[in-house]
Structure formats: C-alpha cells, structure tokens
Amino acid sequence: MKKNVKRIIAFMTVIAMSLCLLASCGPSSGEEEQKSGTSSGITIFNSKMEIQDQLMSMAKKYTKETGVPVEVYYSSDTVSAHLATRYASKNPYTLSMVDAKDVYSLAEEHAVDLSDQKWVKDTDYAIAIDGKTYGFPVCVEARGIIYNANAIEKVTGKKFDPAKCRTLDQFKHWIDLCKKGGMKTPTGVMKEDWSLGNHYLAEVYEMREDPDTFVYDMSKNKIDLAKDERYNSLMDTFDVLMKNSYSRESAISAEREVTEQKLAEGEIAFMFGGNWDWSVLSAYDYTDGLGMMPIPQNLKAGEDYNTKLTGGGSKYFFIDSSANTSDKQRQEAKDFLNWLVYNDEGQKFMVDDCALVPAFSNIKLKAKDPLGQSVSEYTNAGKLVPNYNYLPDDHYAILGAQFQKYLAEKTDRAGFAKEVVTYWKTKTLQKHEQ
C-alpha cells in the first residue's frame, strides 16, 4: 500500500461487524491459542498460521537476549472476531498482526500513530489514514500461477520459459505438450473458498485502472459482469485450469495438501496460488524448477496484466493505543518492530526463518525459497498489480461457495456472475482513506 493517501471505497459492513463484536466478552468456540513466554511485557497476536512456530521460537530468543518478555498468540477465529473479544475484556494485545482492511476499520480507535518511526521511509507498503501511519507491513506476498518447470521439461523435452507463457493460447500450448508427453492432467485447482473467493475472484476487481469504482458500480447494478472483458478473460484461464485438473471429476473433494504434493513432486505442472504456498510445498519431496508467473490471458493491445503478479503488503502490525497498554510496553513494541527491520537477527528471522519477502528497501537478504524469489523479482521490477484490500469479511465464504459451485460445474459462468453482482448489491459502501 502506498503511503500517500486518497479517497476510495470502504465497507461499512466490516466496521459494523467489528463494533457489534466489541459487545461480546466471552471467547468464541473456534479459538485455538498458543503462547510463549510470560504474562508481562509485549503480547503479540499472530494471524499468519504458517509462521506460528517460528514466532514462538523467536519470542523465547528475543526475551533471553533483550530481557523483554514476549508472548505470542494465534487464533483460528476471524481477526475482527478475535480482537473484539480482547477489546471487550480490556485485554488487548500490545502488537496485533492483521489484514489491511482490519487496519482501516480498527486503527483510528485502537492503534498508535507510527509516523515518526524510522522504518516508515524505508517502505512503500505502510498503511496511513489521514496522514498518520498505523500499519507496519510484515511482508510482501503475491499471487499467480505456480509452475514446476522440472516436471514440464521432463515430459515435453523442451525448455520452459515462463516469459513465453503469457497468453492463454501459449498456456494451452504448454498444457497440450505436457499431455502429449504423458502427463494426463497437468493442472491442479485448490477448492478452498478463500483461494477461490478472496484470491482468484479478487483478480476480477484488481485488474482495473480503478478497482474501487468498479466495485462501487457493481453495488449499484451498473455492471453486466457476464459480459465484462476482464471477468471473461480470467474465467477463460480458470476454465483451462479446471478442465485439465487431476481432480476434475471430484473437484470439491480435492485436498489442498494432495494438490500441492502433486505439484511439488512433479505429478502436475501448474496451480494457481501464492508464495505462502511454499510452507506446504516444501513439506514434500519437491523438485527443482518451481516458480511463479502471472496468470496467462489473451489481452487487448496495450494491456499488460499478464506480465504482472498480483500482490503487495500482506499482514500488518499495529500497536495498541488504549490505557490497557502502558507507554513502556508501547516503546518496547516499537523497539521490536525496529529490530525486525534494522537488526541483522531480525532480518534473518523474517527472510530466512519465516521465508517472507521483506517489505523494506533496506533489507538486502535474498529470499531462499523459489516462490519468494519469483515475488522478489516481480516486486523489484515494479511488476505487481496492487491487492484490493477492502473485501468484506464474508466475501470469501459467500462467493467462495458460489465459485465452488462453478468449479463443480453446478452453475455456468453467467450464473456465477449473477451471484457476484447480487452479493455486491447487498453491500453499503462508504469512502475511506488509503
């Protein structure tokens, strides 16, 4: 997220949900917490499951070396629901790791202004509201097609160059080559609602000059999505992924771990996903040649979306501003954030231990995993379509379920488009700062 601000669309539903939840004071039934350290000092809420073990190990080491006690918590609840229970019980975390939309809905009431911090000048991804910086970007993440070049080259006998697989026609050519070489089903599709609803479908909004106006126009029934060029272009590519998937006959039964294992070990060649998938892929006997490329599309002259990944700052820390957190704790939290950015051990923790792509220009450590390396390459080249960070909390559940119907071939493209527009027509939108 760029630091300069401008007016765009935000969702009252997110704010309303958070305010309603603030009235609740008991723990929710889905909560699964882990913690490390003692009951004083800094408390950290982690919403990124993939790095929970690393954070807990780091907390112990950081406490030992600095004398500052650190506790790390993880919850499986939605961020807004979980934090609301903490606010209601007057027991907020010192540091909370949340999504961008949560910063926008919570920061002005619950977060400290960090504009005077040194790291602000070293990132393009901090979140500011009304000129005040509230969100510390934890990392850069991006989405696209994950490929296994080793598997492709093994069955085709040809060198795979992702830069020559930009159009849908080129993509279909490589899939046909894989099939002729003996790879019966070269693709995999993750059926999870968050992957379909919040990652792939979001590309329909993101690949616009002005995503906010597009979403607003949908909410006002001004868009015939079934005839929209971007929607159809992305769905054309999804159809190719879907129809060549190993799980086509049982698409909604396919488990993420199975799909990623097949990709890692070279049984399939392509899958839509993001660099966070490395935490799953790396658990298997993965081959060389894994990487990420933009979603192939046949575009009009002058359009370049098929040369870019979609991504940006992902997950943000904010520091609690309430009277329930002491000034000493807030300073310790600021010191911790600076340790992540400027201390050699902090940098190694993020890049080496957590396999994150850093969001700060002063960090020169190279990503070690191949997906992180791909994201770094596109980021450094300025080849990222910005995330759309303002999806309502129920977007992935409701539209992810509709997308699953499409994946299971229980509805057609026009029917899915109607459901998307119907969903947005139920949302009340309001301007907010970016």
What number of residues within region 142-158 are open to solvent by 10 Å² or more (accessible area, probe 1.4 Å) and touching a helix residue (DSSP H, G or I) at 6+ places or on another chain (Cβ under 6 Å)?
3
Return a yes/no flag: does region 369-384 have any residue that is over 22 Å from residue 142 (Cα atoms) and of a type in the set (Phe, Trp, Tyr).
no
When you go through (1) open to solvent by less than 20 Å² (accessible area, probe 1.4 Å); (2) farther than 16 Å from residue 189 by Cα; (3) in a helix (DSSP H, G or I) one by one for residue 279, which number turns out not to apply?
(1)
Hey, does region 334-351 have a residue that's touching a helix residue (DSSP H, G or I) at 6+ places or on another chain (Cβ under 8 Å), of a type in the set (Lys, Arg) and open to solvent by 10 Å² or more (accessible area, probe 1.4 Å)?
no
Failed item in (1) touching a residue at least 60 places away in the same chain (Cβ under 8 Å); (2) open to solvent by 40 Å² or more (accessible area, probe 1.4 Å); (3) not aromatic (Phe, Trp, Tyr), with residue 103 passing the rest:
(2)
Looking at 49, 56, can you tell me which residue is open to solvent by 30 Å² or more (accessible area, probe 1.4 Å), of a type in the set (A, V, I, L, M, F, W, C) and modelled with pLDDT of 90 or more?
56
Report every pair of residues separated by at least 6 positions or lying on different chains whose Cβ atoms are under 7 Å apart, first residue within region 75-99 and farther than 26 Å from residue 194 by Cα, second in a helix (DSSP H, G or I) and of a type in the set (S, T, N, Q).
94/329
Count of residues meeting criterion [open to solvent by 30 Å² or more (accessible area, probe 1.4 Å) and farther than 22 Å from residue 340 by Cα] in region 106-119
2
Restricting to region 352-369, count the residues that are buried (at least 19 other Cβ atoms within 10 Å of the Cβ) and touching an Asp or Glu at 6+ places or on another chain (Cβ under 6 Å).
2
Selected residue (only one of 159, 179, 154, 184 is under 17 Å from residue 268 (Cβ atoms), part of a loop (DSSP other than H, G, I, E, B) and of a type in the set (D, E, K, R)):
184
Would you check if there is a residue in region 102-115 being modelled with pLDDT under 95 and part of a loop (DSSP other than H, G, I, E, B)?
no
Looking at residue 85 and the list (1) assigned to a strand (DSSP E or B); (2) of a type in the set (Ser, Thr, Tyr); (3) open to solvent by 10 Å² or more (accessible area, probe 1.4 Å), which single condition is not satisfied?
(1)
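Suppose we filter 359, 367 for residues that are part of a loop (DSSP other than H, G, I, E, B), in contact with a Phe, Trp or Tyr (Cβ under 7 Å, 6 or more places away or on another chain) and aliphatic (A, V, I, L, M); which single one remains?
On the way: 367 fails: in contact with a Phe, Trp or Tyr (Cβ under 7 Å, 6 or more places away or on another chain).
Residue meeting the stated conditions: 359.
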Counting just the residues of region 370-403 that are modelled with pLDDT under 95 and of a type in the set (Asp, Glu), which one comes out most open to solvent (accessible area, probe 1.4 Å)?
394
Tally, over region 169-216, of residues that are open to solvent by less than 50 Å² (accessible area, probe 1.4 Å) and within 24 Å of the chain's Cα centre (by Cα)
25
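Looking at this structure, is residue 273 open to solvent by less than 10 Å² (accessible area, probe 1.4 Å), in contact with a helix residue (DSSP H, G or I) (Cβ under 9 Å, 6 or more places away or on another chain) and outside any helix (DSSP H, G or I)?
Considered against the rule, which asks whether it is open to solvent by less than 10 Å² (accessible area, probe 1.4 Å), in contact with a helix residue (DSSP H, G or I) (Cβ under 9 Å, 6 or more places away or on another chain) and outside any helix (DSSP H, G or I), residue 273 comes out as yes.
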Residue count for region 379-390, restricted to those that are in contact with an Asp or Glu (Cβ under 9 Å, 6 or more places away or on another chain) and part of a loop (DSSP other than H, G, I, E, B)
5
One residue is enough: does region 247-261 have a residue meeting the conditions crowded, with 23+ Cβ neighbours inside 10 Å and charged (D, E, K, R)?
yes
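The values are calculated or read from the model by the stated rules, or taken from the named source; none is laboratory data. As the structure is a prediction and not an experimental result, all values here were calculated from the model. Heads up, the Cβs are rebuilt from the backbone with ideal geometry, glycines too, and the neighbour counts pull from every protein chain shown. Remember, those area values only see protein heavy atoms, side chains included, never the ligands or the DNA or RNA. Shrake-Rupley method; radii C 1.70, N 1.55, O 1.52, S 1.80 Å.
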